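J.: First the structure, which I've put down as structure tokens, then a few questions once you've had a look.
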Amino acid sequence: MADGNWSIEDAEELYGVRRWGAGYFSIGESGNIRIAPNHRLPDVTIDMKDVLDEIRAEGIQLPAVIRFHDILRSQVEILNETFAKTIADANYNGCYSGVFPIKVNQMREVVEEIIDAGEPYNYGLEAGSKPELMAVLAYNENPDALTVLNGYKDEDYLTLALLGRQLRRKMLIVIEKYSELEMLIPLAKKLGVQPLIGLRSKMMVRSAGKWAGSSGDRAKFGLSITEILNIIELLKKEDMLECAKLLHFHIGSQMSDIRKVKEAVSEGARLYAKLIKEGVPLEYLDIGGGLGIDYDGTSSTTDSSRNYSTEEYVADVVYGVKQICDLEDVPHPNLVSESGRAITAHHSCVVTNIVGEIKNTGAQFDVSVSEGEHILVSNMRELVNSPNMHPQERYNDAASYKQSAYEAFKLGILSLNEMAKLDTMYWRILTEIHGSLDRDTFVFQELEELEDMLASQYLCNFSIFQSAADTWAIGQVLPIVPVSRLNEKPEVRCSIVDITCDSDGKLSKYIEGTEISDNIPMHNLRKGEDYFVGMFLTGAYQDVMGDMHNLFGRLTEVHIYCHDDEPGDFYIEEVVPGTAAEKVLETMQYNTDFMAKTVKKSIDREVRKGHIAPREGVRWTDYYEKCLAGSTYLKT
């Protein structure tokens with residue numbers, strides 16, 4: 001039930017769950033986040049609070065990454081079936097042979113799920129490094145699925161790719177620079193293996209936003225038209241032109257504007273057609289990645305959104321390529337895309353608990369009149385007792401007295417008690433001013449800043465650097481929403497800070513309605529009651545890019561599957577424990593056995609001296625070893 005004047009619709013308007021949830025996430029009538037993970041069964045929904053209750057009942061500590069694997073499967077199915085339907089509707093003569101770029105999420109469980117879901121569609125994998133190639137060699141066993149190999153290559157990389165050809169896999173080696181082909185040709189002839197070769201074009205159309213550097217003359221990857229023609233001549237000379245099977249281009253990740261997609265498709269299709277006319281036997285056109293995610297729910301061209309649907313994206317690709325090829329009178333190529341973010345982002349979220357509140361209004365102090373108190377204290381008290389003053393004037397006077405008090409304290413004029421009184425009254429005045437104003441009436445810049453000054457900081461039991469690296473590194477916006485109590489009006493404006501000892505360990509941008517804010521409304525914390533917050537759409541990059549700042553390790557993972565015969569329509573399929581403290585320390589070259597022995601020796605020394613009782617010494621030794629084997633996060 002809704003709370004007073006607050007409704008579920010109000011919560012939806014504030015947090016935008018349906019706007020960014022892509023049909024998977026919504027707010028239930030109970031005020032809890034609900035998940036419909038299977039796009040074929042929209043009525044089978046999971047209550048996130050039920051999931052958390054079961055997690056806690058199983059003794060699993062938060063924070064945790066919660067993966068809804070049915071969402072992964074749904075995204076694979078939706079992408080492949082959208083391409084298949086559009087190709088059929090357009091009378092397009094090629095097929096779709098998509099690949100998942102595992103750099104977006106290399107977690108084994110994720111890759112296995114995608115491979116399994118993609119089996120009926122011959123959905124393959126893309127690798128961009130030697131270790132990734134080793135992984136896809138082991139996991140992409142479907143002989144009809146593509147394996148696209150990007151990135152810079154050495155002899156070992158190329159040899160592993162040729163091993164894939166020996167295993168009868170469709171391993172497409174995408175040439176990024178001329179010297180790679182010079183290395184590949186003698187190696188292939190030496191091993192007696194015919195490679196499948198792709199050519200990556202350096203696009204002339206420029207992308208926009210954070211990943212604009214993926215295209216244009218200064219792009220890191222790709223070949224100019226001159227270099228492509230030189231490669232074709234070398235292949236002809238070596239009698240290997242028939243090995244050239246794919247043309248690849250990529251103009252950037254998270255493409256927000258469909259017009260840029262159309263431009264890129266037009267340029268890529270035109271280059272493909274011209275190469276076909278030059279006698280190059282290409283079969284595939286790889287449009288790269290870039291299919292965006294609407295992180296902020298605005299359906300706009302901001303860096304964290306997109307102004308198109310998946311259906312529109314696919315239609316523009318299929319019909320765009322078809323039109324160019326028909327005009328040039330060349331065969332339609334088989335289409336390849338490397339859409340990683342769109343496949344994985346929604347399936348994973350980070351859920352943590354609030355472990356404390358940092359109030360910027362400070363502690364309270366007795367502000368009663370004292371004999372002989374400084375005039376600045378008296379002046380600030382007059383402001384406290386002047387609630388009818390114009391808000392701007394009252395704010396200006398309070399700020400002036402606060403600054404003067406600061407200068408006076410440095411000179412030794414004000415006592416500690418007087419400073420405490422001034423500080424208490426200052427924050428009281430600002431709170432009253434803020435409470436008397438409607439947000440729409442904030443006209444003066446200083447008054448607009450009041451919300452930020454008065455906002456609390458909710459201390460979350462996680463590390464930004466481990467679990468939301470992109471929010472810190474590139475300003476990525478991720479949806480932050482309370483998991484429950486959404487049927488109650490949130491009355492505390494706050495920002496989220498983590499438990500690292502770093503001032504950058506905070507979330508600085510929040511989705512509020514259709515705007516991006518510096519803080520977000522949350523609910524009052526209740527003593528003795530947990531308050532859980534979810535950070536959503538973390539399945540792309542965030543899962544694999546985190547570092548161990550302050551030696552905080554990977555979170556525990558909980559894998560959820562929906563099943564309408566199970567209580568709550570779900571079951572926990574697997575729990576992957578987070579990184580223990582000893583493993584994190586060993587990664588940083590610490591010898592934890594030596595550390596444990598050293599601490600034990602120190603304890604034993606104090607026992608011999610009589611400073612610690614023997615039984616107590618044993619308990620301290622066991623406790624230190626228990627902490628080494630335990631989580632790096634707070635135990636709550």
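Read-outs throughout are calculated quantities, based only on the coordinates presented, and are distinct from any laboratory measurement. Keep in mind the model is a prediction, meaning the values are calculated, not measured. Every residue, glycine as well, gets a Cβ built from its backbone with ideal geometry; the counts of neighbours run over all protein chains shown.
J.: Which of the residues belonging to segment 125-158 are within 20 Å of Cys95 (Cβ to Cβ) and of a type in the set (Gly, Ala, Ser)?
T.: Ala145
J.: Further question on the same structure: Of the residues that make up segment 551-562, is at least one hydrophobic (A, V, I, L, M, F, W, C), over 18 Å from the mean Cα position of the chain (by Cα) and buried (at least 22 other Cβ atoms within 10 Å of the Cβ)?
T.: Within segment 551-562, one or more residues are hydrophobic (A, V, I, L, M, F, W, C), over 18 Å from the mean Cα position of the chain (by Cα) and buried (at least 22 other Cβ atoms within 10 Å of the Cβ).
J.: Let me ask something additional. Report whether or not Gly513 is small (Gly, Ala, Ser), under 21 Å from the mean Cα position of the chain (by Cα) and at positive phi.
T.: Yes: the conditions hold for Gly513.
J.: Ok, one more. So if I check each of Ala64, Ala36, Ala11, which one is closer than 22 Å to Ile354 by Cα, crowded, with 19+ Cβ neighbours inside 10 Å and more than 19 Å from the chain's Cα centre (by Cα)?
T.: Ala11 is the lone residue from the list that is closer than 22 Å to Ile354 by Cα, crowded, with 19+ Cβ neighbours inside 10 Å and more than 19 Å from the chain's Cα centre (by Cα).
J.: Of the residues that make up segment 184-191, is at least one within 32 Å of the chain's Cα centre (by Cα) and charged (D, E, K, R)?
T.: Within segment 184-191, none of the residues are within 32 Å of the chain's Cα centre (by Cα) and charged (D, E, K, R).
J.: Tell me which residues, restricted to segment 509-547, are farther than 28 Å from Ile71 by Cα and among the hydrophobic types (A, V, I, L, M, F, W, C).
T.: Leu525
J.: In the set Gly435, Gly356, Gly412, which member is within 30 Å of Pro63 (Cβ to Cβ) and surrounded by fewer than 16 Cβ atoms within 10 Å (Cβ to Cβ)?
T.: None of the other options fit; the residue is Gly356.
J.: Separate question: Criterion first (part of a helix (DSSP H, G or I) and touching a strand residue (DSSP E or B) at 6+ places or on another chain (Cβ under 6 Å)) does Val261 satisfy it?
T.: yes
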